[in-house]
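Structure record follows, encoded as structure tokens.
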Amino acid sequence: MLKVAIAEDDFRVAQVQEQFLMKIKEIQVVGKALNAKETMEMLEEKEVDLLLLDVYMPDELGTDLLPKIRDRFPHVDIIMITAATEKSMLEKSIRNGVCHYLIKPVTLEKFIQTIEDYKKKKQLLESHAEVNQSLVDTYFGKIKEKELDQKQLPSGVDAFTLQKVKEIMQSLDEGITIEGMGEKMGASRTTARRYLEYLVSTNECTAELEYGIVGRPERKYYLA
């Protein structure tokens, strides 16, 4: 569950943003703040993954708040949502590592797309213990390409998880069983079997029955 907080001086706008967030799966709104002071207190008290931060707040600019948040709460990701169109505001936000910058008024479609893209990038990083250039290229600007790939995949097969399975297969010197893949993926045998059988169907892997000393033969998968 992704924990999201809203820092917005107009309570009506904050309510709209909360309603938008409620339309997105696996999102929990954990707090709302009307000014910079309340924002820092909220981050102190709540567990927050993502902060939606306005620029124009009554006591301090959101862009001036960014370095303080980065210093005290480095784990919190930030998306700016603001009416500010000055280039300097955007530049300062970028230098302080914001995930995105939305200019009001924000449509429901644009809002949801931005949050979904953020979720996918976060999921991508969390699903890998190490990074490679392909992962980095995907994270920085190629999410849409991956979304197109997803449309071509069968139900129950996710593009990001599939890439992880492929990388596991490529790292093996020998084949792997369904149980072994499930352990490496951190997933059930059923999920592991689904992805391995998909790779067999696309001729990216082969499968063989191997007979042990006792018990039934076990299906083992090899990179083609």
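Derivation of every value follows stated rules applied to the coordinates shown; laboratory data play no part. Computed from a predicted model, the values in this text were never measured in an experiment. Because the Cβ atoms are built from the backbone with ideal geometry, glycine has one as well, and the counts that use them run over all protein chains shown.
Specify the residue that is nearest to GLU116 (Cα to Cα); the eligible residues are those in the stretch 7-20 that are outside any loop (DSSP other than H, G, I, E, B) and in contact with a helix residue (DSSP H, G or I) (Cβ under 7 Å, 6 or more places away or on another chain). Result: PHE20.
Yes/no matrix, rows are residues, columns are (1) buried (at least 20 other Cβ atoms within 10 Å of the Cβ); (2) in contact (Cβ under 8 Å) with a residue 60 or more places away in the chain; (3) of a type in the set (A, V, I, L, M); (4) in contact with a Leu (Cβ under 8 Å, 6 or more places away or on another chain):
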residue: LEU43; (1), (2), (3), (4): yes, no, yes, yes
residue: LEU53; (1), (2), (3), (4): yes, no, yes, yes
residue: ASP59; (1), (2), (3), (4): no, no, no, no
residue: ASP64; (1), (2), (3), (4): no, no, no, no
residue: ILE79; (1), (2), (3), (4): no, no, yes, yes
residue: THR85; (1), (2), (3), (4): no, no, no, no
residue: SER88; (1), (2), (3), (4): no, no, no, no
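Could you list all residues from the stretch 82-96 that are out of contact with any Asp or Glu (no Cβ under 6 Å at 6 or more places or on another chain), within 26 Å of GLN19 (Cα to Cα) and not in a helix (DSSP H, G or I)? Selection gives ALA83, ALA84, THR85.
Does the stretch 173-186 contain any residue that is in a strand (DSSP E or B) and basic (Lys, Arg)? No, the conditions are met nowhere in the stretch 173-186.
Please tell me if TYR101 is within 13 Å of the chain's Cα centre (by Cα) and of a type in the set (Ser, Thr, Tyr). Spell out the reasoning first.
Details: within 13 Å of the chain's Cα centre (by Cα): no; of a type in the set (Ser, Thr, Tyr): yes.
In short, no.
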